[in-house]
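Reviewing the structure listed below.
The values are calculated or read from the model by the stated rules, or taken from the named source; none is laboratory data. Computed from a predicted structure; not experimentally measured. We place every Cβ from the backbone using ideal geometry, glycine too, and count neighbours over all the protein chains shown. Heads up: the accessible areas ignore ligands, DNA and RNA and are worked out on the full protein's heavy atoms, side chains in. Shrake-Rupley method; radii C 1.70, N 1.55, O 1.52, S 1.80 Å.
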Amino acid sequence: MIGTDLELAGRLLEAGQLVAIPTETVYGLAGNAFDTAAVLRIFEAKNRPYFNPLIVHTWSMEEITNIAAAFPSVLQDIASKYWPGPLTVLLPKAEKIHDLITAGSDYVAVRIPDNSMSLKLMSGLNFPLCAPSANPFGYISPTTALHVEAQLGDRIAYILDGGPCRVGVESTIIRLNENDEIEILRNGAIGGHDIELITGRRPLMHTVSQQPMAPGMLKNHYAPSINLLLAQNNAELLSLIQKFKDRRIAVLSFDTLFTHDAIVDQIVLSETGDCNIAARHLFSAMHKLDAGNADIILAVRVPDKGIGKAINDRLLRASMKEV
Ligand code: TXA
Ligand code: MG
């Protein structure tokens, strides 16, 4: 059920049920972080493997002491600047945080999201919320309540509708590595440059490995159910259209409208070439094209700076689905 009843959402969470909550990035599938049965329910509802840890969400910096055992000052500086906002920080976990949440790691991911409804909801609860993106594992993340309803509606008690997500791609994840260097584990709206502005230190980019630190880093993730091919630029996109002209093509373009008889569906992410707008529309566009009558999606990379890096990262992973 979709609605805006904060009291109902709170009661359901207190009873160990799952509630989808709006955030500025994507919708989250929330459960009581201090209730192991509720945490297990999250994994089940998403069909998510247990090796993929969950982000713990809260509403104020003071609450972090219930979640983390320490908060290194450089990470605190960054968090105080960007929270509430699209940033997740890895911190040594507090004893109360169950191993299920961290997939056995001594570090817990923490975030204060920037959505007034969810902040209000959490401020009335006496526990933080585990909330992965509210999509089945590996599929496109939801940026509207209707996306959640379509994908997981029958598995969750309530969907709190906060309208479409303002940012549209998941939070930037950072940590301090063994050498005390700042590392970005997942690209999001907050980039290396933003972090450097505050700390004077340029963060390292943690690259995809066989055993990903953050499974948002898994090769095939955020994927539609039909094949998506990613072109480097518009010229390459044109030649892909030519190559697949016998198929029913959907085009996911950045700022240019393409014309060809084989194109049955097309979405331009931002006519003005604005990456922030493109990010906001990205997952909605993927949902729409996936549900249309095309049998292949041809997409193109966006300018690789700022949030554009996060868009390119999600497009690349969506294109790596093995079908
Ligand atoms: O914007 C967001 O972060 C959204 C909204 C709902 O807050 N949440 C989100 O959650 O994207 P999820 O579960 O889809 O992605 C969380 C990522 C995963 O790649 C996970 O592996 C990583 O965070 N992560 C969580 N806890 C971790 C930990 N203890 N150590 C390393 N990575 C962690
Ligand atoms: Mg996710």
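Tell me, in nm to one decimal, what length is gained between Asp304 and Asn126 on full extension, where the rule is 0.36 nm per residue of separation less the Cα-Cα distance?
Net length gain for the segment: 60.0 nm.
Considering only protein heavy atoms, what is the solvent-accessible area of Tyr222 at a probe of 1.4 Å, reported in Å² to the nearest 10?
10
Taking only protein heavy atoms into account and a 1.4 Å probe, give the accessible area per residue of the chain in Å².
Heavy-atom SASA per residue in the chain reads 43 Å².
Let me cross-check Ile198: its accessible surface, 1.4 Å probe, with only protein heavy atoms counted, in Å² to the nearest 10?
60
Return the whole-Å distance between the Cα centroid of region 30-86 and the Cα centroid of region 131-202.
Between the Cα centres of region 30-86 and region 131-202 lies a distance of 12 Å.
Compactness ratio of region 247-303: Cα Rg over 2.2 N^0.38 Å, N = residue count?
That ratio works out to 1.05.
Highest GNM mean-square fluctuation, the chain, Cα pairs closer than 10 Å: which of Arg202, Arg186, Arg111?
Arg202
What are the residues whose amide H is under 5 Å from the amide H of Tyr139, where those residues sit 5 or more places off or on another chain and H is modelled from the backbone?
Tyr222, Ala223
Give a quick list of GluC sites (Glu not before Pro) in region 16-116 that DSSP marks as loop, anything other than H, G, I, E or B, with at most 15 other Cβ atoms within 10 Å.
Glu95
Loop only by DSSP, 13 or fewer other Cβ within 10 Å of the Cβ. Give me the chymotrypsin sites (Phe, Trp or Tyr not before Pro) in region 3-70 that pass, ordered by residue number.
Tyr50, Phe51
Give me, ordered by chain and number, the residues 5 or more places off Tyr158 or on other chains with an amide H under 5 Å from its own placed amide H.
The answer is Ala20.
Any idea how far apart Ser73 and Ile277 come out in nm if each label point goes 7 Å out from Cα toward Cβ?
Roughly 4.4 nm, to one decimal.
Pull out a ≥ b ≥ c, the square roots of the eigenvalues of the alpha-carbon gyration tensor of region 76-140, then state rounded if a/c is under 1.5, prolate if not and a/b is larger than b/c, and oblate in the remaining case.
It comes out rounded by the Cα gyration axes.
On full extension of the chain, what length is gained from Leu6 through Leu257, given 0.36 nm per residue of separation minus the C-alpha to C-alpha distance?
Taking 0.36 nm per residue and subtracting the Cα distance, the gain is 86.2 nm.
How much space per residue, in cubic angstrom, does the convex hull of the C-alpha atoms of the chain take up?
125
Where does the chain land at 222 nm, in deg cm²/dmol rounded to the nearest 500, when only DSSP H runs of n ≥ 4 count, each adding -39500 (n - 2.57), divided by all residues?
One gets -8500 deg cm²/dmol as the mean residue ellipticity at 222 nm.
What spacing in nm lies between the two simple spin-label points modelled at Met61 and Asn233, each 7 Å away from Cα in the Cβ direction?
Simple spin-label model gives 4.5 nm for this pair.
Would you list Thr58, Thr65, Thr259 from the most to the least accessible area, probe 1.4 Å?
Final ranking, largest accessible area leading: Thr259, Thr65, Thr58.
With the crude spin-label approximation of a point 7 Å out along Cα→Cβ, what separation in nm comes out for Ser225 versus Asp265?
1.1
Using the Karplus equation 6.51 cos²θ - 1.76 cosθ + 1.60 (θ = phi - 60°), what ³J(HN,Hα) coupling, rounded to whole Hz, does each residue of region 198-204 give in order, writing x for Gly and Pro?
Residue by residue, region 198-204 yields 8, 9, x, 10, 7, x, 8 Hz.
Determine the order of Leu252, Leu229 by accessible area, beginning with the largest, at a probe radius of 1.4 Å.
Highest to lowest solvent-accessible surface, that is Leu229, Leu252.
Based on the alpha-carbon set only, what is the convex hull volume of region 29-135 divided per residue, in Å³?
Here the figure is 91 Å³ per residue.
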